[in-house]
Every structure is written in structure tokens, then in C-alpha cells.
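Peer 1: Have a look at this one.
The values are calculated or read from the model by the stated rules, or taken from the named source; none is laboratory data. Predicted, not measured: the structure shown is a model, and the values here were computed from it. Don't worry about glycine lacking a Cβ; one is built from the backbone with ideal geometry, like all the others, and counts go over all protein chains shown. Note: areas computed on protein heavy atoms with side chains; ligands, DNA, RNA excluded. Shrake-Rupley method; radii C 1.70, N 1.55, O 1.52, S 1.80 Å.
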Amino acid sequence: VPETNLDEFCAYLERHRGHDARFVDPQVTFSHVARLTFRTKRDLAQYLLNYVGRDYSYQTMRKNCQTLAADLCAFLAGKRNVEPFHPTVAMQYRNRTHQFLYDSNMYD
């Protein structure tokens, strides 16, 4: 995605909005600058591999794409109070941002 700021990204979402498009009902619920010192594409890929490698289970209401997105946004922005979009998922959510930092192959 070539967009470089929130306004451009929201315009991109709007251009591709609809039942026959990429996004049915896009909603932006959190936005913040990335505050990480190490944030190259390679760094981000390693963070994601660490996170997924630590616990690759899927649970419909507790560990899903919404919880990954919340954890990733909180991690990149260095913020605590980021929650999943759906209230039912948010009720059972537990922050796992620490899983981005540590090599998943080094756990017993």
C-alpha cells in the first residue's frame, strides 16, 4: 500500500469499500506513530515470527486476527490500552505484546 499517512489510508479504504470490493465496512479504531527504534521490514518480520512462533494456536474468541492486530498496534505504538474491535473479543482479551520481543525457539 503506497499510502503514507492516516488520511491517505482512509481514502484508500473508501475507494475499495463495498460488498463487491476489498473491504465491506472498514473502520479505523486506532492510529498512532510507530515508536520502535528497530522498525525495518526485516525487524517487523522477525517480531511477527517471534509472536506467531511462541503460540500459534487459534481460538475464536480469545486469540484471533483481532487480538493479533491489537497486540501489533500496541507494540508498534508503545501503548497499553489497545483492544480488539469486537466487544465480545475485547472482554476476553489479554495483551501479549511481549511475545513480539523474544525468539520463540528459545523457550522450553
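Peer 1: Looking at the stretch 71-83, which of its residues are open to solvent by 80 Å² or more (accessible area, probe 1.4 Å) and under 12 Å from the mean Cα position of the chain (by Cα)?
Peer 2: Glu83
Peer 1: Another one. Please enumerate the residues belonging to the stretch 1-27 that are β-branched (Val, Ile, Thr) and either over 19 Å from the mean Cα position of the chain (by Cα) or over 23 Å from Tyr47 (Cα atoms) (or both).
Peer 2: Scanning the stretch 1-27 gives a single hit, Val24.
Peer 1: I would also like to ask the following. Within 18 Å of Thr29 (Cα to Cα), open to solvent by less than 50 Å² (accessible area, probe 1.4 Å) and assigned to a helix (DSSP H, G or I), is that true of Val89?
Peer 2: In short, yes.
Peer 1: List pairs: first in the stretch 68-91 and over 22 Å from Gly53 (Cβ atoms), second among the β-branched types (Val, Ile, Thr) and surrounded by fewer than 20 Cβ atoms within 10 Å (Cβ to Cβ), Cβ under 8 Å, 6+ apart or cross-chain?
Peer 2: Ala77/Val33; Phe85/Thr29
Peer 1: Using the structure shown, decide if Asp108 is in contact with a strand residue (DSSP E or B) (Cβ under 8 Å, 6 or more places away or on another chain) and modelled with pLDDT under 95.
Peer 2: So Asp108 does not fit the description; no.
Peer 1: Then there's this: State whether one or more residues within the stretch 50-70 are of a type in the set (Phe, Trp, Tyr), assigned to a loop (DSSP other than H, G, I, E, B) and open to solvent by less than 100 Å² (accessible area, probe 1.4 Å).
Peer 2: Scanning the stretch 50-70 turns up no residue that is of a type in the set (Phe, Trp, Tyr), assigned to a loop (DSSP other than H, G, I, E, B) and open to solvent by less than 100 Å² (accessible area, probe 1.4 Å).
Peer 1: Okay, moving on. Checking Pro26 against (1) farther than 21 Å from Pro84 by Cβ; (2) touching a residue at least 12 places away in the same chain (Cβ under 8 Å); (3) in a loop (DSSP other than H, G, I, E, B), which single condition isn't satisfied?
Peer 2: The one condition Pro26 does not meet is (1).
Peer 1: Confirm whether Ser57 is farther than 24 Å from Lys79 by Cβ and either modelled with pLDDT of 95 or more or out of contact with any Asp or Glu (no Cβ under 9 Å at 6 or more places or on another chain) (or both).
Peer 2: Judged against the criteria, Ser57 is a match.
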